[in-house]
Amino acid sequence: MRRKYICGNWKMNKTSSEALEFAKEINEFEFNKVDVLLAPSFVSLESLRKNLKDEIKVAGQNVSQFDDGAYTGEVSTTMLKDIGVEDVIIGHSERREKFLESDEIINAKVKKALADDLSVILCLGESLEIKEEGKEVEFVREELLNSLDGVEKIEKVTIAYEPIWAIGTGKTCSSEDAEKMCREIRNIIDEKYGEISQKTRILYGGSVKPSNAGEILSKENIDGVLVGGASLKASDFIEIIKAGESL
């Protein structure tokens, strides 16, 4: 049975001092049935990792495909590992759309992260336009396969399905539709990689909140959630963790 994975992506929110206040609050909450991860801004990564209890992992929200050198503003896998960070989010729709990261760039980042022994949360998802055309499955298939092109082993890859039209909009993909797409993703992984598909965790993201987390997490092929806004308030994020614990 795949262990539920509750992940929070803070995006460009919270100062380091605010992150530490969050850590104090969530450290008091005990859980044992789920895995929990937080992805703060880069400037908060090291202090948050040191101040969170060991049961909670931290992740980079992005990583460079390059080793080092003249890449102003970039953060390398070596830099992350040196401060004890072992996980990274790659391919979030905001990186793809606002920072023009192509499937080719995402693929290079995935390969670099895996080669340097980081665990990857790979984000996928269609726009409202694609959905309205009824082409969401084909789009996600192409995005997934392109992002994993040349990747031979995916033991350290988690997939996060985040329909773009549901991110930060308050619109939530129905749990049935989310389950359907996550099942499709698992089938695609099975076609490419075989039995490992049954161990690969697939998350749903897109306006996840305490009120809908339980229903989303109850679905067979949804192994966790990637939470945006609702991860910024410790009490809300704890309620989502509780939803995972209750299953």
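Observations
- Of the residues making up region 32-62, those that are among the basic types (Lys, Arg) and open to solvent by 40 Å² or more (accessible area, probe 1.4 Å) are Lys33, Arg49, Lys50, Lys57.
- Residue in region 218-236 that is nearest to Leu48 (Cα to Cα), counting only those that are open to solvent by less than 10 Å² (accessible area, probe 1.4 Å) and under 15 Å from the mean Cα position of the chain (by Cα): Ser231
- Residue count for region 101-115, restricted to those that are within 16 Å of Gly125 (Cβ to Cβ) and open to solvent by 40 Å² or more (accessible area, probe 1.4 Å): 2
- Positions within region 202-217 being touching an Asp or Glu at 6+ places or on another chain (Cβ under 6 Å) and surrounded by fewer than 20 Cβ atoms within 10 Å (Cβ to Cβ), in sequence order: Pro210
- Taking the listed residues Ser207, Ser197, the one that is out of contact with any strand residue (DSSP E or B) (no Cβ under 8 Å at 6 or more places or on another chain) and modelled with pLDDT under 95 is Ser207, with no other qualifying.
- Considering the conditions (1) open to solvent by 10 Å² or more (accessible area, probe 1.4 Å); (2) modelled with pLDDT of 95 or more; (3) farther than 21 Å from Leu144 by Cβ; (4) of a type in the set (Val, Ile, Thr), Thr158 is excluded by exactly one of them, (3).
- No other residue among Ile105, Ile83 is farther than 25 Å from Gly214 by Cα, touching a Leu at 6+ places or on another chain (Cβ under 9 Å) and of a type outside the set (Ser, Thr, Tyr) apart from Ile83.
- Remark: pairs (first residue in region 233-246, touching a residue at least 24 places away in the same chain (Cβ under 8 Å) and among the β-branched types (Val, Ile, Thr); second residue crowded, with 18+ Cβ neighbours inside 10 Å and part of a helix (DSSP H, G or I); Cβ separation under 8 Å; 6+ apart in sequence or on different chains) = Ile238/Ile26; Ile240/Pro210; Ile240/Ala213; Ile240/Ala230; Ile240/Ser231.
- Reported count of residues in region 192-211, each being without any contact (Cβ under 8 Å) to a residue 40 or more places away in the chain and part of a strand (DSSP E or B), is 0.
- Glu101 vs. criteria over 19 Å from Leu226 (Cα atoms), free of Cβ contacts under 8 Å to residues at least 12 places away in the same chain, assigned to a helix (DSSP H, G or I) and out of contact with any Pro (no Cβ under 6 Å at 6 or more places or on another chain): no
The values are calculated or read from the model by the stated rules, or taken from the named source; none is laboratory data. Because the structure is predicted, anything quoted here is derived from the model rather than measured. Methodologically, a virtual Cβ is constructed for each residue, glycine included, from the backbone with ideal geometry; neighbour enumeration extends over all protein chains shown. Accessible surface areas use protein heavy atoms only, side chains included; no ligands, DNA or RNA. Shrake-Rupley method; radii C 1.70, N 1.55, O 1.52, S 1.80 Å.
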